[in-house]
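A quick write-up on the structure given underneath.
The values are calculated or read from the model by the stated rules, or taken from the named source; none is laboratory data. As the structure is a computational prediction, the values presented were derived from the model and not from experiment. Glycine gets a Cβ as well: all are built from the backbone with ideal geometry, and neighbour counts include every protein chain shown.
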């Protein structure tokens, strides 16, 4: 396929040191020193060796891992930096599984922890879910899943030392390196060791994470994961919350991840009393923004990027997600879902949170309101730089968006943004 935009290892927007590593990696692959593919057995052996453990727990993760590795090897066109990054992610998840299984053998009482009425912020990416998750975390009664705990949940942090846990510094170092590899990331999507992250990061440890498609071309795997029954994955997700909660008392979890839209049946089966906040925004803004985010990742991890294909994939992906969410609401009219318009949220963020709480029979307390005011004051829009994007960059136009999503736009009365 003819690429609309090709990014080679000499791309001037990349840090020089990553270019050197990628070029060196090409030569090392030619002489067989650096592998140009991943191997499941090798990954599992390395994880066992590093942890000194052998039991990965139930085999529910194997199909996802096998399919993901096969898709990476066949489709991804990862450069050396990309291969190292993805391999590191897979190894970390395997190590987490090993440690989790050992922890559960030693602490079976963890499954008695009750996860009651968790908030789940869903909605397509770039619809205000991240900012809303920050404001929800400002409530002293709410607990968010933060990055370092999502990627190193076992052993669970202790209440007395949670703010001094050595894993915080380790996570911060890893993210700082990630920022160097993907220099524009903070202007596109905030990251940090101690800030809320998408709770589907926990899905990584079950290898049922369609969002791998943001980093690399893994179409076969992503298509399978989006359609697969994720009951075991949500049960594993719940187990991690129980583990984390077992050492730090938690009143309410406040979680967020757009991907839940595709799996609301599985979510409610694991969390029957979940409180869902469904965010909506003009798709003409959402789709190119997500395409830009995907391009930011992919151009760092691959030397060849097809921007037209990115546009097509995001359109198809979001069409399926919005359709599945509407079908779920039609089937399950007894579930209480709070709908939120991005345009109203951005104008009056605190009032919007008050409306959310009122919808679920709660009240925003004074301290929570003051915390939100302080957070908004010190975190203005574009704090880390402006994020610019256009539909035409990805072979798309407004008429396509209006036609593809006319039912979704009409159902939720989503306004256009100027």
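Against the conditions (1) within 21 Å of residue 97 (Cα to Cα); (2) part of a helix (DSSP H, G or I), residue 193 satisfies every one except (2). In summary, residue 278 fulfils each of the numbered conditions (1) in a helix (DSSP H, G or I); (2) touching a strand residue (DSSP E or B) at 6+ places or on another chain (Cβ under 8 Å); (3) modelled with pLDDT of 95 or more with the single exception of condition (1).
Would you be able to tell me the number of residues in the stretch 200-244 that are under 21 Å from residue 268 (Cβ atoms) and in contact with a strand residue (DSSP E or B) (Cβ under 8 Å, 6 or more places away or on another chain)? Counting residues in the stretch 200-244 that are under 21 Å from residue 268 (Cβ atoms) and in contact with a strand residue (DSSP E or B) (Cβ under 8 Å, 6 or more places away or on another chain) gives 1.
Looking for whichever is crowded, with 16+ Cβ neighbours inside 10 Å and modelled with pLDDT under 90 here; the options are 394, 389. Which one fits? Working first, answer last.
Values: 394 fails: modelled with pLDDT under 90.
Only one candidate passes the filter, namely 389.
Mind listing whichever residues of the stretch 193-228 are surrounded by fewer than 16 Cβ atoms within 10 Å (Cβ to Cβ) and under 22 Å from residue 295 (Cβ atoms)? Listed by number, the residues that qualify are 219, 220. Residues that are more than 14 Å from residue 209 (Cβ to Cβ), surrounded by fewer than 16 Cβ atoms within 10 Å (Cβ to Cβ) and touching a helix residue (DSSP H, G or I) at 6+ places or on another chain (Cβ under 9 Å) were ranked within the stretch 56-65; the one that is modelled with the highest pLDDT is 62. Say whether the condition of being surrounded by fewer than 12 Cβ atoms within 10 Å (Cβ to Cβ), out of contact with any helix residue (DSSP H, G or I) (no Cβ under 7 Å at 6 or more places or on another chain) and modelled with pLDDT of 75 or more is met by at least one residue in the stretch 70-78. Within the stretch 70-78 (the criterion being surrounded by fewer than 12 Cβ atoms within 10 Å (Cβ to Cβ), out of contact with any helix residue (DSSP H, G or I) (no Cβ under 7 Å at 6 or more places or on another chain) and modelled with pLDDT of 75 or more), the answer is no, since none of the residues qualifies.
Please verify whether residue 86 is over 28 Å from residue 234 (Cβ atoms), assigned to a helix (DSSP H, G or I) and either touching a helix residue (DSSP H, G or I) at 6+ places or on another chain (Cβ under 9 Å) or at pLDDT 80 or above (or both), treating the condition exactly as stated. Explain how you work it out, then say what you get.
Numbers: over 28 Å from residue 234 (Cβ atoms): no; assigned to a helix (DSSP H, G or I): yes; either touching a helix residue (DSSP H, G or I) at 6+ places or on another chain (Cβ under 9 Å) or at pLDDT 80 or above (or both): yes.
Judged against the criteria, residue 86 is not a match.
Taken over the stretch 44-58, the criterion of being touching a residue at least 12 places away in the same chain (Cβ under 8 Å) and in a loop (DSSP other than H, G, I, E, B) is satisfied by 53, 54, 55, 56, 57, 58. In the set (1) within 16 Å of residue 88 (Cβ to Cβ); (2) surrounded by fewer than 20 Cβ atoms within 10 Å (Cβ to Cβ); (3) in contact (Cβ under 8 Å) with a residue 24 or more places away in the chain, the condition left unmet by residue 187 is number (1). Considering 126, 143, the condition of being modelled with pLDDT of 95 or more and crowded, with 18+ Cβ neighbours inside 10 Å is satisfied by 143 alone.
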